[in-house]
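Trainee: This is the structure I want to talk about, given as structure tokens.
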Amino acid sequence: MGELVNRGESAIVPEGFYKQVSSILNAARDKAYTAVNFAMVEAYWEIGKSIVDEQGGEERAAYGEALIAGLSRRLTADFGRGFGIANLRNMRQFFLAFPIRDALRSELSWTHYRRLMRISDPDARTWYMNECADSRWSTRQLERQINTMFRERLLASKDKEAVTQEIQKSAPARRPEDIIRDPYVLEFLGFSDDTAFRESDLEQALITHLQKFLLELGRGFAFEARQKRITFDGRHFYIDLVFSTI
């Protein structure tokens, strides 16, 4: 039966069973985090592309500025915050900085990409994007690595392992639960960061964007259920979102 973890007479849980349930929750959180963030990133990339296409690719044009200002007013009226002139310009720049959509990394958030866009060297920008995704850097970690010229020092150093270990001393890696604290995500889902909302509202908004994400994954992934009930030791528990691989 394996090692037991005792938390009182009525709460003895086999360690193997606990790890199994924990892995289900961690996998679901990771998928939810990736899905909602990349849905937002994709939408902003598409908006940026649409703006560039409508402007005819011109870098500086009176029509282009008027277009963004007018679009900002209408989107703000219909969709709320998050579509100010500055943010729409960021979306336009996002497309120009990352013109190949398939090259985007789904692990990264809009906040990550906003920082990456400030890197002028295309090669360095791509390197930091991939390293950030592979190493699961938080935005604070990404900022630190760019500011301390991590790539340049790594390429120039003979002891690359020592330089790489510096990552472990920086800010903690991002956590899936940070999604509910990201104001960009709240705006994208239609919530205000200063407005109270129910857990079920956030869950429904996540599911809306998860559907598109799962369809793009293709065969081998399935959304099992929401608020799935499990019974253990005579008590009922509910898992918010349950996924499976086939």
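Trainee: Taking the conditions exactly as written (under 28 Å from F150 (Cβ atoms), at pLDDT 90 or above and under 19 Å from the mean Cα position of the chain (by Cα)), does I119 satisfy them or not?
Mentor: Details: under 28 Å from F150 (Cβ atoms): yes; at pLDDT 90 or above: yes; under 19 Å from the mean Cα position of the chain (by Cα): no.
No.
Trainee: Then there is this: Within the range 32-82, work out how many residues are at pLDDT 85 or above, of a type in the set (D, E) and loosely packed, with under 13 Cβ neighbours inside 10 Å.
Mentor: The qualifying residues number 2.
Trainee: So, one more: Specify the residue that is modelled with the lowest pLDDT; the eligible residues are those in the range 133-167 that are in a loop (DSSP other than H, G, I, E, B) and not basic (K, R). Before the answer, list the steps.
Mentor: So in the range 133-167, the residues in a loop (DSSP other than H, G, I, E, B) come out as 136-138, 148-149, 157-159.
Cutting the leftovers down to not basic (K, R) gives us 137-138, 148-149, 157, 159.
Values: W137: 85, S138: 84, T148: 82, M149: 82, S157: 62, D159: 52.
Here the answer is D159.
Rundown of residues vs (1) in contact (Cβ under 8 Å) with a residue 40 or more places away in the chain; (2) in a loop (DSSP other than H, G, I, E, B); (3) in contact with a Gly (Cβ under 8 Å, 6 or more places away or on another chain); (4) closer than 12 Å to V41 by Cβ, yes/no style:
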| residue | (1), (2), (3), (4) |
| --- | --- |
| Y63 | no, no, no, no |
| L67 | no, no, no, no |
| G70 | no, no, no, no |
| A77 | no, no, no, no |
| G82 | yes, yes, no, no |
| R92 | yes, no, yes, no |
| P99 | no, yes, no, no |
| S106 | yes, yes, no, yes |
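Trainee: I would also like to ask the following. Name every residue in the range 98-107 that is crowded, with 18+ Cβ neighbours inside 10 Å and over 16 Å from the mean Cα position of the chain (by Cα), in order of residue number.
Mentor: Correct list: F98 only.
Trainee: Consider only pairs whose beta carbons are under 6 Å apart and that are at least six residues apart or on different chains; among these, list those whose first residue lies in the range 118-134 and is more than 23 Å from T34 (Cα to Cα) and whose second residue is outside any helix (DSSP H, G or I).
Mentor: none
Trainee: Does any residue of the range 83-97 turn out to be buried (at least 17 other Cβ atoms within 10 Å of the Cβ) and at pLDDT below 90?
Mentor: Yes, the range 83-97 contains at least one residue that is buried (at least 17 other Cβ atoms within 10 Å of the Cβ) and at pLDDT below 90.
Trainee: Test each condition in (1) without any contact (Cβ under 8 Å) to a residue 24 or more places away in the chain; (2) over 21 Å from R118 (Cβ atoms) for A32 and report the one that comes out false.
Mentor: Tallying (1) without any contact (Cβ under 8 Å) to a residue 24 or more places away in the chain; (2) over 21 Å from R118 (Cβ atoms), A32 fails exactly one: (1).
Trainee: Mind counting the residues in the range 118-132 that are in a loop (DSSP other than H, G, I, E, B) and exposed (fewer than 13 other Cβ atoms within 10 Å of the Cβ)? Steps first, answer last, please.
Mentor: From the range 118-132, those in a loop (DSSP other than H, G, I, E, B) are 118-121; that's our starting set.
Imposing the further condition that a residue be exposed (fewer than 13 other Cβ atoms within 10 Å of the Cβ) reduces the set to 118, 120-121.
Residues flagged as in a loop (DSSP other than H, G, I, E, B) and exposed (fewer than 13 other Cβ atoms within 10 Å of the Cβ) within the range 118-132 amount to 3.
The values are calculated or read from the model by the stated rules, or taken from the named source; none is laboratory data. Everything numeric in this text was worked out from a predicted model, so none of it was measured. Positions of Cβ are backbone-derived with ideal geometry, glycine not excepted, and every protein chain shown enters the neighbour counts.
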